[in-house]
Each structure stands twice: as structure tokens, then as C-alpha cells.
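Asker: Shown below is the structure under consideration.
The numbers here are math on the coordinates, done by the rules we state, and not lab data. For clarity, every value in this text was computed on a predicted model and none was experimentally measured. Glycine also receives a Cβ, built like all others from the backbone with ideal geometry; neighbour counts cover every protein chain displayed.
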Amino acid sequence: MRKEKGACYICGKTATTTEHVPPKCFFPEKKDIGDVKDYRQQLITIPSCNEHNLKKSKDDEYAWFIIVSHFQNVSVAQTHSNTKIARAMLRNPILENLYKPHVPASVDGMATIATIVDGKRFFNAMDHISRGVYYHHFNTIYSGTLNILVPSFVYMDDPDCQGKNEQMNQWEATSSEVLQDYPIYGANPEIFHYQVVQSSQTQITALRLVFYSGFIVDVCMNGS
Ligand SMILES: [Zn+2]
């Protein structure tokens, strides 16, 4: 299905709105990062119908909370999360529940917390973002299934969590090596960028989404 002017990026129906992908909330407002830079320039936009409008989805906001507070991010994300999350929590104390349940953890000797991710919500948001990026990049709708891997997550409650974490680390190292020769797309790469590898032999498209230079989501698309 080719992208028509104004055809929804998910279903191809007539679009009623334009939306940002990733959603605008991922890009800090100047006031949240001490006015250092405007990261809301040249954001990617795609057409969508009413039903598939990401703005309506609370899952996006949830995914943002999880991603922006990840320890591997660049410092602009830390500032963004500290100011914006604190403000949001003051407004709406229910948001504190986002990090529950959690356990104490430490990163390089610094005390922090590890929280259990609501996979359904997180992956729903990533599904939409991946399809949006695909549509933007290839000018066509991807309606196949997605296989989403998140090397930035760690397994904690799995009987074989050590083995799975090692496997994930290995995956990340190998794929990063392959990807270093591929171009990076995105006008605000510190905040969000992506890379694409498409195999003409296998028809598989691999998409790497990188948020805040530290949080990695790898997406495998093997249909059309
Ligand atoms: Zn639609």
C-alpha cells in the first residue's frame, strides 16, 4: 500500500490529523532543560486517522516515563526527567505509582531503583512508534508483525535471568557493530535517532530506535 497524501500510517484510511513520531512529549521543552537548546525542531510527522492518533494514547506517556528515567541516557534526559516528572507528580500524585513495584538497585555505586515494566503498555507504544518511523522512512505502510527487543531492559524475575541478560548484551554488541556503518536519521539525534537495515534477500527490515543516546529498542519486521 503506497502512502497517499493524508493516508493514516496504520490503516491507510483518510487521515484527520498529523502527529509526531516519536510523540512530542519525548522531546524536552526548553524550560525543562534550562534553555540550553530547542530540541523540538524538525520533528518527524506522519498522518493518522482519529482511531490511530497517538496523542490519545496514555501508553506513550507511560513509555516516555520508563525511557527517560533510564540510567544509560545522556544528561539532557536526566534533567528532562527530573524537572518534568517532578512537575507532573506534583500535579498528579497517582503518577508515583508508575514506578511501583520497584526494588533498590545501584549503578556505578549510586543508589537508584529498578522498576518492573508494564510490558503491554510499553510495547504497544513502541509498536506504534516503529510503524510510524517505518512509514516516514519508506513512504509505505507496514502491516506485518513486529518483533521488538529492548537491550536496555534487564531480566530480573526470570529463572534464567543471567543467561537471558548475557544473550541480550551479546545481541546488542553484535548489532551495534553491524550498525556502525549505517547512517543515522533524526534531526535531534541526542534525543531520538534511528537506523535501518533492509535485506533484499530475506525481505527483513531491522529498525533500531535510540532514545536519549542511551535507550535502545531493536525492531525486526519480516512481513509487509
Ligand atoms: Zn488509522
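Asker: Could you list, in their original order, any pairs among Lys13/Lys120; Lys24/Lys164; Lys30/Lys120; Lys24/Lys84 whose Cα atoms are separated by more than 22 Å?
Answerer: Lys13/Lys120; Lys24/Lys164; Lys30/Lys120
Asker: Right, another one. Please give every one of the aspartates and glutamates within straight-line cross-link reach of Lys58, meaning a C-alpha to C-alpha distance under 17 Å, and leave out same-chain neighbours fewer than 8 residues apart.
Answerer: Glu19, Glu96, Asp118, Asp127
Asker: Fully extended, how many nm does the chain gain between His137 and Ile204 (0.36 nm per residue separation, minus their Cα-Cα distance)?
Answerer: Gain on stretching His137 to Ile204: 22.6 nm.
Asker: Once you place label points 7 Å from the Cα toward the Cβ at Asn82 and Glu51, how far apart are they in nm?
Answerer: A separation of 4.5 nm, rounded to one decimal place.
Asker: With +1 on each Lys and Arg Cβ and -1 on each Asp and Glu Cβ, how big is the dipole of the chain about its Cα centre, in debye rounded to the nearest 20?
Answerer: Roughly 960 debye, rounded to the nearest 20.
Asker: Give the calculated FRET efficiency between Thr174 and Asp127 to the nearest 0.05, with a Förster radius of 35 Å applied to their Cβ-Cβ distance.
Answerer: The formula returns an efficiency of 0.90 here.
Asker: Sticking with this structure for a sec: On a straight-distance basis, which aspartates and glutamates could pair with Lys37 in a cross-link, Cα separation under 16 angstrom, same-chain partners fewer than 8 positions away excluded?
Answerer: Glu29, Glu190
Asker: Which of Tyr194, Tyr182, Tyr142 moves most in a GNM of the chain, Cα contacts under 10 Å?
Answerer: Of Tyr194, Tyr182, Tyr142, the most mobile in the Gaussian network model is Tyr182.
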